[in-house]
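Shown next, in structure tokens, is the structure this report addresses.
The values are calculated or read from the model by the stated rules, or taken from the named source; none is laboratory data. Predicted model, so just to flag it, every value in this text is computed and none were measured. In this analysis, Cβ positions are derived from the backbone assuming ideal geometry, glycine residues included, and neighbour counts consider all displayed protein chains. Side chains included, ligands, DNA and RNA excluded: accessible areas come from the protein's heavy atoms. Shrake-Rupley method; radii C 1.70, N 1.55, O 1.52, S 1.80 Å.
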Amino acid sequence: MPQIQLTPAERREHRANAHHLDPVVLVGGDGLTPAVKKEIDAALNAHGLIKVRVFGDDRAARELMYQELAAELNAAPIQHIGKLLVLWRPIPPKERTVDEDRMPGPRDVKVLKFSKRGGQRPEIKQLRVLGNQRLTSGGQIKRAKPKQKSIKKRQAD
């Protein structure tokens, strides 16, 4: 796989976004084991932009790790500063199975209940509306009516 190429402006933006991040993967004395690479790959899929901390004093070895990770995982090298490596890869779109029979689930709705007397603050109520219910303009929950068919369609069935 070819390595992702970024413009200097894109790299600078990713470097700024990575500033507040904590390292999500730590590379110990064993170096880049297959398990560590798998974990970095999973972190890139989940987060896109990650920091990796390398516990090793050899700068040349860290630089080699940095380039190896970027090449093998098809990630863009963003920054190597001290013992921190910053890598970026676009997050892949999540595949969702479309369930045709699925009905709408419950949703939480905030409703303002005004006082019958003026001058008081309206009360905020949190209501849960289920899939077969609807909320009226007055803030009441009513069960949804079955969809009405036209007379012509009823005669055709």
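Cβ-Cβ contacts under 7 Å between residues 6 or more apart (or on different chains), taken from a first residue in region 63-81 that is free of Cβ contacts under 8 Å to residues at least 40 places away in the same chain and open to solvent by 60 Å² or more (accessible area, probe 1.4 Å) to a second residue that is of a type outside the set (Asp, Glu) and part of a loop (DSSP other than H, G, I, E, B), are listed as Glu68/Leu32. Test Leu44 against the criterion of being open to solvent by less than 80 Å² (accessible area, probe 1.4 Å) and assigned to a loop (DSSP other than H, G, I, E, B), and give yes or no. Criteria not met by Leu44. If you take the residues in region 135-157 that are of a type in the set (A, V, I, L, M) and not in a loop (DSSP other than H, G, I, E, B), which one is most open to solvent (accessible area, probe 1.4 Å)? Among residues in region 135-157 that are of a type in the set (A, V, I, L, M) and not in a loop (DSSP other than H, G, I, E, B), the one most open to solvent (accessible area, probe 1.4 Å) is Ile151. Tell me whether region 91-98 contains one or more residues that are among the β-branched types (Val, Ile, Thr) and at pLDDT 85 or above. The answer is yes; a qualifying residue exists. Screening region 15-41 for residues that are assigned to a helix (DSSP H, G or I) and open to solvent by less than 30 Å² (accessible area, probe 1.4 Å) and picking the one that is farthest from Ala70 (Cα to Cα) gives Ala18. Restricting attention to region 66-94, the residues that are under 20 Å from Leu21 (Cα atoms) and not in a loop (DSSP other than H, G, I, E, B) total 14. Is it the case that region 48-56 has a residue that's open to solvent by 50 Å² or more (accessible area, probe 1.4 Å) and more than 13 Å from Gln79 (Cα to Cα)? The answer is yes, given that some residue of region 48-56 is open to solvent by 50 Å² or more (accessible area, probe 1.4 Å) and more than 13 Å from Gln79 (Cα to Cα).
Among the residues of region 105-134, those that are touching a Pro at 6+ places or on another chain (Cβ under 7 Å), at pLDDT below 85 and either among the charged types (D, E, K, R) or open to solvent by 100 Å² or more (accessible area, probe 1.4 Å) (or both) comprise Lys113, Phe114. Scanning region 51-100 for residues that are within 22 Å of Arg15 (Cβ to Cβ), out of contact with any strand residue (DSSP E or B) (no Cβ under 7 Å at 6 or more places or on another chain) and acidic (Asp, Glu) gives Glu68, Glu72.
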